[in-house]
Amino acid sequence: MSAPSLSDHPADHVDDPYPYYQLLRESDPVHFDERRGTWLVARHEDVSRLLRDDVRLSAVQGGGPNANMLGSDPPKHTRLRTLVSKAFTPRAVRQLQPRIHEIVDELLDVAAANGEVDAIADFAYPLPITIIGEMLGVPAAERGFFRAASTKVALSAGYAQDPHATSRASEGREEMVRYFEDLIRRRRADPQDDLVTACIQAEDEGDRLTHGELMAMLLILLIGGHETTVNLIGNGLLALLRNPGQLELLRREPLEREATEEMLRYDAPSQYTGRVAAQDFELHGRAIKAGQAVRMLLASANRDADVFTDPDGVDISRAPNPHVAFGAGIHYCLGGELARLEGQIAISTMVRRFPNLALAETELRWRPAPVFRGLEALPLTL
């Protein structure tokens, strides 16, 4: 692989973006990507500060209002987030712990019987899609199509390399919208104890979600509810298998929480997040103009040597670990605590249950969607 250049952008380095991020941090930490017309911010201090800056940066992209919680600013963002946040409080997430353990054990029972497993298709994916599906009230028999539909959407995010990604993303959204339209009709007629019903009935000072906001919220919860977790589990298992000393440490010591934080830092499931400059401002002498796109490189910030000792190494006992894998500020990942818990249980249970766990292949393929960093498959022998 050739050395990275400042004329590159993340899509040029899907297999290993970290040397490119290092080049940015050291040579041009506020870099204007001429090919995309976007500012890239690479250092931890700047990324952390800008994630919390709701004055100079706006989440509203595309030049107009957005029913999407991720693409809105206060007070709209505050209202939308408040209406669904109760389902993701630490207390609500803790109540899911027994069910997560149950699903993990069931999936690993099947893997044990086979003697091998694709840790993505047969483990990392079914766990979070089952949990979010149950939270939303999606019947088990109807969850199968979500993977294909959400993958179409995920592959379109950011610097998509496939020229057909946009059309596939539209197709995926339309498939999910049609499904949720039908599910909403069913829940209006027959309310259940689930998140779709709660969103329909959600009230905050007399304010309800509009139909467009409801649909956008369900799509976010579905995609966000499993994409990040799939990548956390897959990337985390790969990092441990490539660092056997750390793998054995996790088997010996109760470091599930610390290990999961390190997996999030070391190979972030979401590589960056975007905003739009709401006003002109300067950063390290670079003039950022109102209306220009600004991308905070979360994964680059998490490898910043000014913050992390041995940033390119894996240390599952690292403390403190101020990574920004889930963002920061008002747009901090709503499902972050759920993803953490799923990752803790899934990764620690698998590596402890199978002491001979090993990679079945060394040539692995990364999905061509730079914003969501994840493997297409992770074949393991048990």
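The values are calculated or read from the model by the stated rules, or taken from the named source; none is laboratory data. In this text the structure is predicted, and so the values were computed from the model without any measurement. When we count neighbours, we look across all protein chains shown, and the Cβ atoms used for this are built from the backbone with ideal geometry, even at glycine. Heads up: the accessible areas ignore ligands, DNA and RNA and are worked out on the full protein's heavy atoms, side chains in. Shrake-Rupley method; radii C 1.70, N 1.55, O 1.52, S 1.80 Å.
Here are the criteria: (1) closer than 30 Å to Asp105 by Cα; (2) not in a helix (DSSP H, G or I). Tell me which single one Pro320 does not satisfy. Only one criterion in (1) closer than 30 Å to Asp105 by Cα; (2) not in a helix (DSSP H, G or I) is unmet by Pro320, namely (1). Here segment 195-211 is the region considered, the condition is being within 23 Å of the chain's Cα centre (by Cα) and modelled with pLDDT of 85 or more, and the residue that is farthest from Gly172 (Cα to Cα) is Leu195.
When Pro311 is tested against the conditions (1) free of Cβ contacts under 8 Å to residues at least 24 places away in the same chain; (2) open to solvent by less than 50 Å² (accessible area, probe 1.4 Å); (3) more than 23 Å from Tyr18 (Cα to Cα), the lone failure is (3). The residues on offer are Ala42, Ala92, Ala11, and the sole one that is buried (at least 18 other Cβ atoms within 10 Å of the Cβ) and under 22 Å from the mean Cα position of the chain (by Cα) is Ala42. Set side by side, the residues Val110, Val60, Val55 differ, and just one is open to solvent by less than 70 Å² (accessible area, probe 1.4 Å), modelled with pLDDT of 85 or more, aliphatic (A, V, I, L, M) and more than 26 Å from Arg185 (Cβ to Cβ), which is Val60. Step by step: first the residues of segment 14-39, then only those that are at pLDDT below 95 and basic (Lys, Arg), then the one that is surrounded by the fewest Cβ atoms within 10 Å (Cβ to Cβ). Which residue is that? Here the answer is Arg35.
Table: residues versus (1) within 18 Å of Phe88 (Cβ to Cβ); (2) crowded, with 22+ Cβ neighbours inside 10 Å; (3) touching a Ser or Thr at 6+ places or on another chain (Cβ under 9 Å).
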| position | (1), (2), (3) |
| --- | --- |
| Gly327 | yes, no, yes |
| Ala339 | yes, yes, yes |
| Met350 | no, yes, no |
| Arg353 | no, no, no |
| Leu357 | no, no, yes |
| Ala360 | no, no, yes |
| Leu364 | no, no, no |
| Pro368 | no, no, no |
| Ala377 | no, no, no |
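Residues that are within 20 Å of Gly115 (Cα to Cα) and in a strand (DSSP E or B) within segment 351-382 comprise Ala358, Leu359, Pro379, Leu380, Thr381, listed in sequence order.
Cβ-Cβ contacts under 6 Å between residues 6 or more apart (or on different chains), taken from a first residue in segment 165-177 that is farther than 13 Å from Phe145 by Cβ and among the hydrophobic types (A, V, I, L, M, F, W, C) to a second residue that is surrounded by 18 or more Cβ atoms within 10 Å (Cβ to Cβ) and at pLDDT below 75, are listed as Ala165/Leu155; Ala165/Ser156; Ala169/Lys152; Ala169/Val153; Ala169/Ser156. Among the conditions (1) at pLDDT below 95; (2) in contact with a Pro (Cβ under 9 Å, 6 or more places away or on another chain), the only one that Asn235 does not satisfy is (1). Among the residues making up segment 230-246, those that are open to solvent by less than 10 Å² (accessible area, probe 1.4 Å) and under 18 Å from Arg353 (Cβ atoms) are Ile233, Gly234, Gly236, Leu237, Leu238, Leu240.
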